[in-house]
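Just below is one structure, and these are the notes that go with it.
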Amino acid sequence: MRAAVRRLGQGAAGAGVVVTLAVAGWLVWLLPGPQMAAVLGFGPVDGVVTIHRCYEATDAEGYATGTDCTGWYTPRRSGEPEREIVLDTAGDDYRFGTHVEVRTARGRAYELSGSAVFNLGTATGLLLVPFLTLASWLFSCARHGRVEDGELYFLAAMGGLLAAIVLGALAGMVVGIGTFVF
């Protein structure tokens, strides 16, 4: 009887791992996924933005988030209407009339820039770390057949959150230097 309960607990923990990882993947795809794909340049260029003006953007709390530009978007696909659009976290403070190739996601235009990679990469990392920590704890419980102590997993989560910020900053700096040089 005791072995059956232990196997049932292991199966429940194993199912918890799968569900946790599925929810994490779904949330990454739902929240920062489309914007990150646009920033990293997956897929063809969607169109060109002719810049009207650029300004220092802020978030809801008033903190600076980088340079945003407004402009007139001309899509590459025929049949789509031209419209005004915001180039989110632009790679440069563009002058009036500059043409910038962009990819779009959720009604905004994106290009490869260090600040965009930092913002979206850090958001993705901060979203994934708690789910990956929970999944690793559940996996350990399933493997050993008992509830494991969670103190080290909590410390690992704190380290993972710090690592997500540091890696996001490093990736943003590398992309920023790369776009400046090339």
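Under a Gaussian network description of the chain, with springs only between Cα atoms under 10 Å, the residue in GLU101, GLU80, GLU148 that fluctuates furthest is GLU80.
Among the trypsin sites (Lys or Arg not before Pro) in the range 63-136, which ones are in a DSSP loop with at most 15 other Cβ atoms within 10 Å of the Cβ? Mind listing them?
Numbers: sites: ARG76, ARG77, ARG83, ARG95, ARG103, ARG106, ARG108; in loops: ARG76, ARG77, ARG95, ARG106.
Passing sites in the range 63-136 are ARG76, ARG77, ARG95, ARG106.
When the range 43-111 is described by a simple charge dipole with +1 on each Lys and Arg Cβ and -1 on each Asp and Glu Cβ, the residue from GLY43, ALA105, THR58 located farthest towards its positive end is GLY43. Restricting the chymotrypsin sites (Phe, Trp or Tyr not before Pro) of the range 1-54 to loop positions (DSSP other than H, G, I, E, B) with no more than 14 neighbouring Cβ atoms within 10 Å leaves PHE42.
Computed about the Cα centre, the dipole magnitude for the range 43-111 is approximately 320 debye when only Lys and Arg (+1) and Asp and Glu (-1) carry charge, each at its Cβ.
DSSP loop (so not H, G, I, E, B), at most 13 other Cβ within 10 Å: list which chymotrypsin sites (Phe, Trp or Tyr not before Pro) in the range 51-138 pass both filters.
Working: sites: TYR55, TYR63, TRP72, TYR73, TYR94, PHE96, TYR110, PHE118, PHE131, TRP137; in loops: TYR63, TYR94, PHE96.
Those that pass, being in a loop and sparsely packed, are TYR63, PHE96.
Suppose the Debye formula is applied to equal point scatterers at every Cα of the range 43-111; what is log10 I(q)/I(0) at q = 0.26 Å⁻¹? The Debye formula, applied to the Cα set alone, gives -1.14.
Add -39500 (n - 2.57) for each DSSP H run of 4 or more in the chain, then divide by its residues: what number comes out at 222 nm, to the nearest 500 deg cm²/dmol? Mind dumping the intermediate values first?
Details: 4 runs with 99 residues, N = 182.
It comes out at -19500 deg cm²/dmol, rounded to the nearest 500.
Hydrophobic long helices, here whole DSSP H runs in the chain with Kyte-Doolittle means of at least 0.5 and Cα atoms spread over 27 Å or more along the helix axis, are found at 2-30, 114-144, 151-181.
Each reported figure results from applying straightforward, stated rules to the coordinates on display, with no laboratory input. Keep in mind that this is a model prediction, so the values were computed, not measured. Please note: Cβ atoms are built from the backbone with ideal geometry, for glycine as well, and neighbour counts cover all protein chains shown.
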